[in-house]
Amino acid sequence: MKLIAIAMVVVTAMLAGPASAQQWPARSVKLIVPYPAGGNVDSAARIIADKLQEKLGQPFIIENKAGAGGMIAGEAFAKSAPDGYTLFVGANGPVLFATEINKRDAYHWKKDFLPISTISMTPLVLEVHPSVQATTFKEFIELAKREPGKLTMASPGPGTTNHLLSELMQTSLELQWVTAHYRGNAPAINDLLGGQVQFAFDQLTVSLQHIKAGLFRALAVTSPHRLKSLPDVPTFAELGYKDFDGQTFTGLFAPAGTPAPIVDKLHETLVAILKDPGVVDKFDNLGGEAVAMTPDEFRAYLEREDAKWIPVVSKANIKAD
């Protein structure tokens, strides 16, 4: 009788797992965002949150947890239960570099994060305040060389792709400027608008509206080709600087150990959302591109980004402020 009872318990457990996963979500789902409201990651999260709620019938609630280059959010997420009710909308810095620059082994994406799909890819744009006496990238370099340490760059945080590109450029071209770190894109861009800092390498998602309004002057973009939204702005590759390419990703993650049926359902739903013409237009209007990957493709992409940028972190000796 004991053996029969044990067998029934095992069978029940096996049946209960898939059933509960198939019923997901049965309540609201939290999307942790590692930056303040208003930046490109937050914007991407809000676009998909609305559509996920529409398609899956439960609220998808944004929780902004800024700080430590996204590490506060990443650490909280890594400790979350793998039940599909806490997800992470992350980017290059919080996912790949935050623990490296903070010298804390609080989490690692390879063991703690389960990649579901990219959401969007966004090029960076080198933009200057109108008060800066440079209308081309060549003039910008000449100005930086003529007055080393005078220009100040607005960074959304240590170890972000924006910051790493800045460090790579300073090292490669023997330039020097001051880096002012902020807690996210939005406060960095607010100070650039006010003229407290002179330039930024920023996600086009955040800055396109300001460039079109004439509040910033765009000098170059990191995309492999010129952008439809900024057809007159050259790429770095076009100017002869192929090393300054690259885009930032926004991606959706579940905690490691999340049941496969939940991951599959999330991925299938997200892929459908990112094909929606209205969603495609929203990202396009923001200067980004809606891009879906399979979990395996996303993991391979993250590994390539790790290999490219971690050496920059080490060489520049980037540390948390």
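The values are calculated or read from the model by the stated rules, or taken from the named source; none is laboratory data. A quick note: this is a predicted structure, and the numbers were derived from the prediction, not measured. Cβ: placed from backbone, ideal geometry, glycine included. Neighbour counts: every protein chain shown. Just the protein is used for accessible areas: all its heavy atoms, side chains included, with ligands, DNA and RNA removed. Shrake-Rupley method; radii C 1.70, N 1.55, O 1.52, S 1.80 Å.
The figures follow:
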{"item": "Structure-derived Cα extents along the principal axes in Å - corresponding label in (i) 72, 45, 33; (ii) 53, 49, 42; (iii) 87, 41, 31", "result": "(iii)"}
{"item": "Most mobile of Ala76, Ala260, Ala154 in a GNM of the chain (Cα contacts under 10 Å)", "result": "Ala260"}
{"item": "Per-peptide average of other Cβ atoms within 10 Å, ordering 99-105, 89-95, 117-123 highest first", "result": "89-95, 117-123, 99-105"}
{"item": "Two-site FRET efficiency, Lys308 against Ala260, from Cβ-Cβ distance with R₀ of 30 Å, rounded to 0.05", "result": "0.50"}
{"item": "Added length on full extension, which subtracts the Cα-Cα distance from 0.36 nm per residue, Lys212 to Val271", "result": "18.2 nm"}
{"item": "Qualifying lysines (Cα of each under 26 Å from Cα of Lys110; at least 8 residues distant if same chain)", "result": "Lys30, Lys65, Lys79, Lys265, Lys308, Lys315, Lys319"}
{"item": "Gaussian network model of the chain, Cα within-10 Å springs - most flexible of Asn285, Asn40, Asn185", "result": "Asn285"}
{"item": "Surface per residue (accessible, 1.4 Å probe) for segment 123-239, Å²", "result": "40"}
{"item": "Using a Förster distance of 45 Å, the FRET efficiency for Ser28-Asp191 (Cβ separation, nearest 0.05)", "result": "0.80"}
{"item": "Farthest positive-ward along the chain dipole, Cα basis, beta-carbon charges - from Leu204, Ala144, Ile119", "result": "Ile119"}
{"item": "Inter-part distance where segment 213-243 and segment 183-206 are each reduced to a Cα centre, Å", "result": "17"}
{"item": "Dimensionless Rg over Rh [segment 123-239; C-alpha; Kirkwood]", "result": "0.92"}
{"item": "Cα centre as origin, Lys/Arg/Asp/Glu Cβ charges: the chain dipole, Debye", "result": "520"}
{"item": "Above-threshold pairs, the threshold being 31 Å between Cα atoms, out of Lys138/Lys228; Lys138/Lys212; Lys55/Lys103; Lys242/Lys282; Lys138/Lys275; Lys145/Lys282", "result": "Lys55/Lys103; Lys138/Lys275; Lys145/Lys282"}
{"item": "Reachable aspartates and glutamates, given that their alpha-carbon falls under 19 Å from the alpha-carbon of Lys150 and they are not under 8 places away in the same chain", "result": "Glu127, Glu139, Glu142, Glu167, Glu174, Asp191"}
{"item": "Cα→Cβ-extended label distance, 7 Å offset, between Glu54 and Lys145, nm", "result": "5.1"}
